[in-house]
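The values are calculated or read from the model by the stated rules, or taken from the named source; none is laboratory data. Note that the structure is predicted; figures quoted are calculated from it, not measured. Positions of Cβ are backbone-derived with ideal geometry, glycine not excepted, and every protein chain shown enters the neighbour counts.
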Amino acid sequence: MKMNLINEFRTKSKRYSRSGESFLKDWMILILFVVLVVIFSVTSSTFRTTRNLMNVLRQASFIAIIAMGEFFVILIGNMDMSLSSIIGMVSIFFAGFAVTMGLPLWVAVILVMVMSAIVGVINGVLVVYGKVNSFIATLVTMNIIKGIYYIYSGGLPISGLPESFNFFGAGYVGLVPFPVILMVVIALLLYVMTQHTSLGRSFYAVGGNMEASKLSGINVKFVVILAFVLCSVLTAIGALGITAKTLSGNVTLGENLLFDVMTIVVLGGTSLTGGRGRIYGVIIGALFLQVISNMMVLMSISTFWQWVVKGIILLSVVLIDANTKKD
Amino acid sequence: MDTINAIKKNISQEQIRDEEHPLIELKKCTMAFPGVKALDDVSFTLLPGESHGLVGENGAGKSTLAKCITGENRMASGELYIDGKQIKLSSYSIRESQAHGIAIVHQEFQLMSEMTGIENIFVGHYKSKGPFIDWKALHKRAAELMEFIQSDVNLNIPVKLLRTADRQIIQFAKAVLNESKVLILDELTAVLQEKDIENIFRIIGILKEKGMGIIYISHRLDEIFSCDTYTVLCDGKYINSGYAKDIDKPQLIKMIIGRELNQVYPPINQNFGEKLLEVKGLTAPNAFRDINLQVRRGEVIGIAGLLGAGKTELVHAILGNHKVTSGQIFVGGKEVKIKSPEQAIKLGIGLVPDDRRMLGLNMLFDIKDNTTLPSMSRFKKWKVFQDHKAEAKAAYEYNERMDLAYYSLWQNVKKLSGGNQQKIVIAKWMLRNSDIFLMDEPTRGIDVGAKFEIYTLINDLTKQGKAVVLVSPELEELIGLCNRVYIMFEGALMDIVEGERKTQGVIINSLLGINEDESN
């Protein structure tokens, strides 16, 4: 009798095999990515060099970190437009603290992190307590922050960050760039958080059905605010990395990144209505986009054409996604 | 087939009906979805001027049958005659069925909630004067329609501001405007109160006089007896049809679920423990005022009231999900200030909400995740990580106790039947080890068989020493399950009935706000 029960539990707790079609859909981006890499490697001798491949990984890493932040906000069914300004804010204030004010680097890092976290809290509070649509709320904070850092810097870059800081953005550990290691570590941490902690599961619950989650005892307000804070803080880490590459604070760093971040999150299979998505999807999305960018650079296609191509990519993914949904 | 012939003979006595010219005749319809035979050799006849109740459990094939008639589903085999003409099935479509005058009104409203009643009635059929909409003509036509169905609904405000019942009347007006010959009402009244249902049958009567045929699909057995004829389906098979006046409720139930139900309600538990929940003078503006109630371990208390009496708000207030301005709540004898559902759940309160799709379950989650959602913190490895295996085991254990029909814990809850979904919501709180179960219309929109299973579950809960607060629009349910019924009228407590006074008559009076002494 007992054996029977155990066996029945085994069958009912078995993950049922999904149809090949849905498997293909889930992993479409990964498959496309692999196909792309193979094609590019075969056709281009420059592309397949270790140096270039590591370069692609390095370039993908910081934008991937930022996209992982946006991932959380989209996962709970909201949108954070303010990250493009947070990048500029972090960059210019970090250089301001470290160069103009002469504070130690670690103090400057902590200060900009705190600033970003505060922006995240403000976004979250506006959405949760102010009941403002997140698109509008973050659009407003985006513009306010933009105003503030232009007032602070007058739009001029602040250069002169110490050489040692360059390691953060462009250093190598053996063959592997440091940013790639950072990205992998953050991704692993966030993966474990989303899949194997109750807090992580709460993001999915809130994104799937906010009211039901509230009635099931989840602190919905906390989860929403936390998502915005995570987004801002991860964006700050990414912004520091990008700043480290050029060793100067620059307000224009984030201007064209919002589009790429959105593309990556959507490429990674995150549902824009919330409740569905995976961290590794974001990483694959970032690599996918970077490989295409890299190939376009190698083929010396102009930046303007790159925008057109990226736009078409995002459009195709959204179109495919919208038209293959079963119900 | 014999029964149908018998009906035809009987019908010749009636004036309006014309058995020689049925509006719809469906013969030997078979329809299969991958893996299941949704309809198996089903025949169905609808005569002009007839209201025909179509009954059966969820998944019995009622809606599938309706969709075969409207052309939304293509049947695998069978014959369909509309107005005596055979329809070519291979090219039959919704468009064609509409051209034949077949209209369907779904349970889910197909109205534009921001637009006014007038706009909703005429959308797609606007009369214009030059390039402009001729509002005057539309208003005149709308008034005629309303007069025809003898109803009075404000058509000049956005329909979202209207009561559910009034919105349904607009749907009727729309069907009449299109001069439909056949009107299919699919689970229309699942969300209506008694007197609105009466009103709907009054309008159905008017439409019948005009010679329209009505197909009435419903879970509520009482409503079937307001129809002329009935057809019962069970597991996609034709069971029986005949005159509604020739059968009684137990016979109908037997046909629907394929077995007899001797005991509808299990015996009410009389073995009480200590007082678990007490509410004193609880008041929330615009919802309810000065509510006093208490419930002991092993007890079920019922809350009765019409729509808008404040029942749902009351249970949400106890859970900390509705603002109260004054009053006290005691749990286990201690006064508590409940500010959020999170806190209430920690105190051992769990809510089974009225709208399980929107409030009860996360439709993107699987069975396991839905079951363990409030109890996640109990399954930890090294105090940080979720122990998915232990969660699955617990979810399995409780869902088995509920007799849930499923094949995998990782199955999405979206496609489960209403009854099965409700079982998961209850299992969720059993797993959380809640003591106080607030149940807001737990049997709404679920079929007869599953209803009785829920009744048994409620009874089992009381045997385990839990306390249940049951909100229900069905008086029979309250009388059959509760030790005590609190009756609310427009936000105030009108009466508390138990023992001998727990009868339909007494409760109805209080529901309507009639003081017993005055009426005597």
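Meeting the requirement of 2 or more residues that are among the hydroxyl-bearing types (Ser, Thr, Tyr), the helices (runs of 4 or more DSSP H) wholly within the range A:77-191 are A:83-95, A:134-153. Checked across the range B:206-218, the condition of being under 22 Å from B:Gly308 (Cα atoms), modelled with pLDDT of 80 or more and β-branched (Val, Ile, Thr) holds for no residue. Among the conditions (1) modelled with pLDDT under 90; (2) buried (at least 21 other Cβ atoms within 10 Å of the Cβ); (3) of a type in the set (Ser, Thr, Tyr), A:Ser232 misses just one, which is (1). Of all the numbered requirements in (1) under 23 Å from A:Val114 (Cβ atoms); (2) at pLDDT below 95; (3) within 14 Å of chain B (Cβ to nearest Cβ), A:Val223 misses one, and that requirement is (2).
Here A:Ile313, A:Ile283, A:Ile320 are screened, and the one residue that is β-branched (Val, Ile, Thr) and modelled with pLDDT of 90 or more is A:Ile283. Of all residues in the range A:209-219, at least one satisfies being in contact (Cβ under 8 Å) with a residue 24 or more places away in the chain, within 14 Å of chain B (Cβ to nearest Cβ) and at negative phi. Going by what's in this entry, would A:Phe62 be described as touching a residue at least 24 places away in the same chain (Cβ under 8 Å), crowded, with 22+ Cβ neighbours inside 10 Å and touching a Pro at 6+ places or on another chain (Cβ under 8 Å)? Against the criterion (touching a residue at least 24 places away in the same chain (Cβ under 8 Å), crowded, with 22+ Cβ neighbours inside 10 Å and touching a Pro at 6+ places or on another chain (Cβ under 8 Å)), A:Phe62 qualifies. Out of A:Val282, A:Val265, A:Val224, A:Val251, one residue alone is closer than 30 Å to B:Gly350 by Cβ, surrounded by 23 or more Cβ atoms within 10 Å (Cβ to Cβ) and either touching a helix residue (DSSP H, G or I) at 6+ places or on another chain (Cβ under 8 Å) or not hydrophobic (A, V, I, L, M, F, W, C) (or both). It is A:Val224. If you go through the range B:13-45 and keep only what is small (Gly, Ala, Ser) and at pLDDT below 75, you end up with just B:Gly35.
Screening B:Ala344 on (1) closer than 30 Å to B:Ala317 by Cβ; (2) touching a helix residue (DSSP H, G or I) at 6+ places or on another chain (Cβ under 6 Å); (3) of a type outside the set (Phe, Trp, Tyr) shows it passes everything except condition (2).
For the range A:160-178, the criterion of being surrounded by fewer than 21 Cβ atoms within 10 Å (Cβ to Cβ) and within 12 Å of another protein chain (Cβ to nearest Cβ) is met by none of the residues.
Examine the range A:46-55 for a residue that is exposed (fewer than 12 other Cβ atoms within 10 Å of the Cβ), out of contact with any Ser or Thr (no Cβ under 8 Å at 6 or more places or on another chain) and at pLDDT below 90, and state whether such a residue exists. So far as the range A:46-55 goes, yes, one or more of its residues are exposed (fewer than 12 other Cβ atoms within 10 Å of the Cβ), out of contact with any Ser or Thr (no Cβ under 8 Å at 6 or more places or on another chain) and at pLDDT below 90.
The number of residues in the range B:453-502 being crowded, with 23+ Cβ neighbours inside 10 Å and among the hydroxyl-bearing types (Ser, Thr, Tyr) comes to 3. With respect to the conditions (1) modelled with pLDDT of 85 or more; (2) under 30 Å from B:Gly465 (Cα atoms); (3) surrounded by 15 or more Cβ atoms within 10 Å (Cβ to Cβ), B:Val264 falls short on a single one, namely (1). The residues of the range B:358-370 that are within 7 Å of chain A (Cβ to nearest Cβ) and in contact with a Leu (Cβ under 8 Å, 6 or more places away or on another chain), listed by number, are B:Leu359, B:Gly360, B:Asn362, B:Phe365.
Of the residues contained in the range B:435-442, none is found to be modelled with pLDDT of 85 or more and in a helix (DSSP H, G or I). Within the range B:46-66, the residues that satisfy the criterion of being outside any loop (DSSP other than H, G, I, E, B), modelled with pLDDT of 85 or more and not aliphatic (A, V, I, L, M) are B:Ser51, B:His52, B:Gly53. Counting only strands (runs of 3 or more DSSP E) that fall entirely inside the range B:268-357 and contain at least 1 residues that are farther than 17 Å from B:Asp495 by Cα, more than 14 Å from chain A (Cβ to nearest Cβ) and not charged (D, E, K, R), the qualifying elements are B:275-284, B:326-331, B:334-336. Among the residues of the range A:85-104, those that are surrounded by 23 or more Cβ atoms within 10 Å (Cβ to Cβ) and out of contact with any Cys (no Cβ under 9 Å at 6 or more places or on another chain) comprise A:Ser85, A:Ile87, A:Gly88, A:Met89, A:Val90, A:Ser91, A:Ile92, A:Phe93, A:Phe94, A:Ala95, A:Ala98. Taken over the range B:299-332, residues that are under 19 Å from B:Ile345 (Cα atoms) and among the small types (Gly, Ala, Ser) amount to 3. Say whether the condition of being within 10 Å of chain A (Cβ to nearest Cβ), modelled with pLDDT of 90 or more, within 29 Å of the chain's Cα centre (by Cα) and surrounded by fewer than 24 Cβ atoms within 10 Å (Cβ to Cβ) is met by at least one residue in the range B:420-433. Among the residues of the range B:420-433, at least one is within 10 Å of chain A (Cβ to nearest Cβ), modelled with pLDDT of 90 or more, within 29 Å of the chain's Cα centre (by Cα) and surrounded by fewer than 24 Cβ atoms within 10 Å (Cβ to Cβ), which makes the answer yes. Residues satisfying the criterion are present in the range B:185-200 (criterion: part of a strand (DSSP E or B) and surrounded by 20 or more Cβ atoms within 10 Å (Cβ to Cβ)). Yes or no: the range B:389-405 includes at least one residue that is more than 9 Å from chain A (Cβ to nearest Cβ), basic (Lys, Arg) and either surrounded by fewer than 21 Cβ atoms within 10 Å (Cβ to Cβ) or touching a Leu at 6+ places or on another chain (Cβ under 7 Å) (or both). Yes, that holds for at least one residue.
Counted as qualifying within the range B:72-151 are the helices (runs of 4 or more DSSP H) with 2 or more residues that are of a type outside the set (Phe, Trp, Tyr) and in contact (Cβ under 8 Å) with a residue 40 or more places away in the chain, namely B:117-122.
Would you confirm whether any residue within the range B:454-472 is in contact with a strand residue (DSSP E or B) (Cβ under 8 Å, 6 or more places away or on another chain), within 30 Å of B:Asp235 (Cα to Cα) and in a loop (DSSP other than H, G, I, E, B)? Yes - at least one qualifying residue is present in the range B:454-472. When B:Lys383 is tested against (1) in a loop (DSSP other than H, G, I, E, B); (2) of a type outside the set (Val, Ile, Thr); (3) at the interface with chain A (Cβ under 7 Å from one of its Cβ atoms), just one condition goes unmet, and that condition is (3). Pairs meeting the criteria (first residue in the range A:251-270 and among the hydrophobic types (A, V, I, L, M, F, W, C), second residue assigned to a loop (DSSP other than H, G, I, E, B) and surrounded by 20 or more Cβ atoms within 10 Å (Cβ to Cβ), beta carbons under 8 Å, at least 6 apart or on different chains) are A:Leu258/A:Met81; A:Val265/A:Gly277.
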